[in-house]
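Here is the structure we will look at, set down as structure tokens.
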Amino acid sequence: MSTDLGALKDEILEYLAAQGMIVFHSYLRHHEGVPTIGWDSKNYPDYQEFIHTAKRAGVEMMVVRCDHFSDGQVEEALADLKEAEFESRDKRRIERRLHELGGYAGFVSVLELSYDYQGRLYFFDVHTDWFDEYLDLQDEIAASLPEDEDLDDEGPVGGFYSRN
């Protein structure tokens, strides 16, 4: 996988234009309550097949989401890391790797194509290996954050229980 998906994004946009498809640029796609179906991009990585399927279904508009990795994402993970409960050695390892991943700031890390068809959201997504690593580190940090001490066993609303 490429370290920057910018060239692939440009290629996809050119292909969509050549196919006569309407492109809707999105920064976030809300799909709560809508059944979603993801394209098997590991076994079928060709975005052209996905677009061809949409066209055969009569879809005229493709939603395109392109995420750029930012310094802010690294800074947020580093701030969480300070609060996380790790051994010093592990904390240093994660901190070092997050700083290294900061070198990808500005790179396209995620591309997503999607369309609606018969009440379902169909999507194709691709992301870089280093962004997967970033997400894994973020999960590792989140799992090591201390429990919120304000949420003890008092029950709902400060110890008051409904006896209804």
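The values are calculated or read from the model by the stated rules, or taken from the named source; none is laboratory data. Keep in mind it's a predicted model, so treat the numbers as computed, not measured. FYI the Cβ positions are ideal-geometry reconstructions off the backbone, even for glycines, and counts take in every protein chain you see.
Here are a few things to note about the model shown:
- The combined condition, being of a type in the set (Ser, Thr, Tyr), at pLDDT 95 or above and either surrounded by fewer than 11 Cβ atoms within 10 Å (Cβ to Cβ) or out of contact with any strand residue (DSSP E or B) (no Cβ under 7 Å at 6 or more places or on another chain) (or both), is not fulfilled by residue 27.
- Pick from the stretch 129-155, criterion farther than 25 Å from residue 85 by Cβ and either surrounded by fewer than 14 Cβ atoms within 10 Å (Cβ to Cβ) or of a type in the set (S, T, N, Q) (or both), ranking: modelled with the highest pLDDT: 129
- The selection criterion, being among the acidic types (Asp, Glu) and touching a residue at least 12 places away in the same chain (Cβ under 8 Å), does not hold for residue 40.
- Filtering the stretch 100-146 to residues that are part of a helix (DSSP H, G or I), of a type in the set (A, V, I, L, M) and over 19 Å from residue 68 (Cβ atoms) leaves 141, 142, 143.
- Residue check for residue 70: in contact (Cβ under 8 Å) with a residue 24 or more places away in the chain, touching an Asp or Glu at 6+ places or on another chain (Cβ under 8 Å), within 18 Å of residue 108 (Cβ to Cβ) and polar (S, T, N, Q): no
- For the stretch 6-37, filtering for residues that are in contact with a helix residue (DSSP H, G or I) (Cβ under 9 Å, 6 or more places away or on another chain) and in contact (Cβ under 8 Å) with a residue 60 or more places away in the chain leaves 2.
- The stretch 1-39, residues that are charged (D, E, K, R) and within 27 Å of residue 101 (Cα to Cα): 4, 9, 10, 11, 29
- Within the stretch 45-56, the only residue that satisfies the criterion of being farther than 11 Å from residue 15 by Cβ and either in contact with a Ser or Thr (Cβ under 7 Å, 6 or more places away or on another chain) or surrounded by fewer than 12 Cβ atoms within 10 Å (Cβ to Cβ) (or both) is 56.
- Within the stretch 113-128, being surrounded by fewer than 18 Cβ atoms within 10 Å (Cβ to Cβ), of a type outside the set (Lys, Arg) and in contact with a strand residue (DSSP E or B) (Cβ under 6 Å, 6 or more places away or on another chain) holds for 121, 125.
- Filter result for the condition that a residue is over 18 Å from the mean Cα position of the chain (by Cα) and surrounded by fewer than 16 Cβ atoms within 10 Å (Cβ to Cβ), over 22, 37, 12: 22
- For the stretch 100-136, the set of residues classified as out of contact with any helix residue (DSSP H, G or I) (no Cβ under 8 Å at 6 or more places or on another chain), of a type in the set (D, E, K, R), over 19 Å from residue 62 (Cα atoms) and touching a residue at least 24 places away in the same chain (Cβ under 8 Å) consists of 129 only.
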